[in-house]
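First comes the structure, then the notes that go with it.
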Amino acid sequence: MIDRTKKLIVVEDLHKSFGGLQVLRGVSQTICEGEVVSIIGASGSGKSTFLRCLNLLETPDSGRIIFDGQEITGKKVKIDAFRQQIGMVFQHFNVFPHLKVIDNITLAPVLEKHIDKEQARQTAEDLLRRVGLYDKRDEYPTRLSGGQKQRLAIVRALAMEPKVILFDEPTSALDPEMVKEVLDVIGELARSGMTILIVTHEMGFAKRVSDRVLFIDEGLIAEEGTPEELFEHTKTERCRDFLNKVLF
Amino acid sequence: MFQTIAAIWAKYGYVYIQGIWGTLYIAAVTVLFGTLLGTLLSFARLSRFRIAQEAIRLYVWVLRGTPALLQIYFFYFFLPKYLPFELSDRTCIVMALVVNASAYVEEVIRAGIQAVDRGQTEAARSLGMTARHTMTRIILPQAIKNILPALGNEFIVMIKEASLASIFVIMEVTTAFKTVQSATFITIPTLMISGMIYLAMTTVLSGGMKLVERRMRRND
């Protein structure tokens, strides 16, 4: 299953402030290949910022991030090459409205990885079949529901063949009846062996699919462990408080 | 009234035709170079160079905060005095109009680009797309839909502002009115001819812009 010797992401003492507000106050963490890690915590605890630091959408103030053995936080790092290996799915989907569904998926592989157009199209069609959107391949995203847009965003990230996918609250902007179809896709991805980090408020889902859960509180990882350890045998007062307030 | 207009047109039509060419020339040069210069300025302002940002902010502040006519006077008196080569009056005035237009175009384009959701940039960059590709493939194609309608309005303003050249007796549609009026001492009909010419030009232009916009919005 998870190979503990293959460290995909190593984070060392990450700090980040916005203005005077300290959002991350020294986060360290190791993510291994094939691991599915859920990140939970209250709004404003720093969990999204932590995730966004991992592909440098936010630049950390200090600390190091080592991806697949190479430091990406140093100066003169060509970040685009690393980002190709780190997929990201956003709360608000951020699909490209001016491109057809299929072109949403093929654009980056063709432009940045110089993959042959026809081959990229093949891959995209296979991916669309996998998430049940093959019929929509020539539509524009405005014609898609929220759940469909998010599934498109997921396969758009997958088309780059990343080594890890970061999910930043992927179901928080969805209508309730569309949450399941998106979680099913993520769950399937988790079972397929993809390394996943997911910031989520879906506690039931986190419990089911995660290998490990991180509870972030006031910019620090306050507690971590297997879903069972964290949800059933909660150690810290803060985490217990938080879990008591959320619905499962 | 209609007969007077027809009679004036029959006799002095050629003056108005000259005026139309003059206005078209001034407007075309202003639209073309004003848009080019304004585009360059907006890119420079959106770049990371602090000095460029501040310089362009100052440039836009001055040009949008003073009357175009004053700017034309400035170019009219200043340029011939300090430039080492000869410039026609018309060139001085057109340059003033280009510079003036560029400030407005800069604002239109910058606002159009900034109106594209930040999430689009984040999505593109997180896929590993370069900053350049993100701009050319993701942001600009969406920004153009914000930019075009506003730019069309600027083009119409440019056509009308070409009339300022009449103060310097440069041939264009308002100068044509003044010429014919002083030859015939007939005011209202001669003025109406110029007005109708302007209306025709701006109507054609805004119709064209609407057509382009509709084509662009087909996918929304």
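Nothing in this text is a laboratory measurement; each read-out follows from the coordinates by a stated rule. Quick caveat: nothing in here was measured; it's all calculated off a predicted structure. Every residue, glycine among them, receives a Cβ derived from its backbone with ideal geometry; neighbour counts consider all protein chains shown.
Observations on the model:
- Zero-based 10 Å bins, Cα pair distances in chain B, whole percents: 8, 27, 29, 20, 11, 4, 1, 0
- Taking chymotrypsin sites (Phe, Trp or Tyr not before Pro) across the range B:29-68, the ones in a DSSP loop with at most 12 further Cβ atoms lying within 10 angstrom of their Cβ are B:49.
- A viscosity of 1.567 mPa s and a temperature of 4 °C, combined with the Kirkwood radius over C-alpha pairs in the Stokes-Einstein formula, give the range A:95-142 a diffusion coefficient of 122 µm²/s.
- FRET efficiency, 1/(1 + (r/R0)^6) with R0 22 Å, evaluated for residue A:161 and residue A:134 via beta carbons: 0.65
- Beta bridges from DSSP with both residues in the protein assembly as shown: antiparallel share about 55 percent, rounded to the nearest 5.
- Among the trypsin sites (Lys or Arg not before Pro) in the range B:118-220, those placed in a DSSP loop whose Cβ has at most 10 other Cβ atoms within 10 Å are B:218.
- Among the residues of B:127-136, the average count of other protein chain beta-carbon atoms within 10 Å of the residue beta-carbon is 6.
- 29 Å Cα cut-off, lysine pairs counted over the range B:2-218 (separation 8 or more, or different chains): 8
- The Rg/Rh ratio of the range B:36-102, with both radii computed over alpha carbons and Rh defined as the Kirkwood radius, is 1.04.
- Here the range B:161-182 is scanned for amide nitrogen atoms under 17 Å from the site 7 Å beyond the Cα of residue B:200 along Cα-to-Cβ, giving B:172-178, B:180.
- Amide H partners (placed H, <5 Å) of residue A:214, local residues excluded: A:38, A:39, A:40
- For the range B:182-200 and the range A:149-173, distance of Cα centres in Å: 64
- Radius of gyration (Cα atoms) of the protein assembly as shown, expressed as a multiple of 2.2 N^0.38 Å: 1.33.
- Net charge in the neighbourhood of residue A:174 (other residues with Cβ under 12 Å of its Cβ; Lys, Arg +1, Asp, Glu -1) is -2.
- Amide hydrogen proximity for residue A:88: with H placed 1.01 Å from N in the peptide plane, the residues at 5 or more positions away or on another chain lying under 5 Å are A:166.
- Looking at the range A:1-154, the pairs of alpha carbons with a distance over 25 Å make up 43% of the total.
- Normalising the average separation of contacting C-alpha pairs (under 8 angstrom, six or more residues apart) by the number of residues puts the relative contact order of chain A at 26 percent.
- Couplings 3J(HN,Hα) of the range B:172-187, computed from phi: 7, 5, 6, 5, 4, 4, 4, 5, 5, 4, 6, 7, 10, 6, 9, 9 Hz, in residue order, whole Hz [Karplus 6.51 cos²θ - 1.76 cosθ + 1.60, θ = phi - 60°; x for Gly and Pro].
- Calculated SAXS-style log₁₀ I(q)/I(0) at q = 0.12 Å⁻¹ - the range A:34-123, Debye, Cα scatterers: -0.52
- Added length on full extension, which subtracts the Cα-Cα distance from 0.36 nm per residue, residue B:130 to residue B:182: 12.5 nm
- For the range B:20-87, the list of trypsin sites (Lys or Arg not before Pro) that fall in a loop by DSSP and count at most 14 other C-beta atoms within 10 angstrom reads B:48.
- The protein assembly as shown - mean residue ellipticity at 222 nm from DSSP helices (-39,500 (n - 2.57) per run, n ≥ 4, rounded to 500): -18500 deg cm²/dmol
- Within chain A, longest stretch clear of exposed GluC sites (Glu not before Pro) (DSSP loop, no more than 16 other Cβ within 10 Å): A:1-138
- Annotation for residue B:58 and residue B:167: the two label points, set 7 Å from Cα along the Cα-Cβ direction, are 2.6 nm apart.
- Fraction of the pair-distance distribution of the range B:56-186 above 24 Å, Cα-Cα pairs, percent: 49
- Rg/Rh ratio calculated on Cα atoms of the range A:88-178 (Kirkwood radius): 0.95
- Antiparallel DSSP beta bridges within the range A:69-223, as percent of all bridges there, nearest 5: 25
- The three principal axes of the C-alpha atoms in the range B:109-220 carry coordinate ranges of 70, 29, 16 Å, sorted with the longest axis first.
- Note on residue A:64 and residue B:115: their simple-model spin labels are 4.7 nm apart, each label 7 Å out from Cα toward Cβ.
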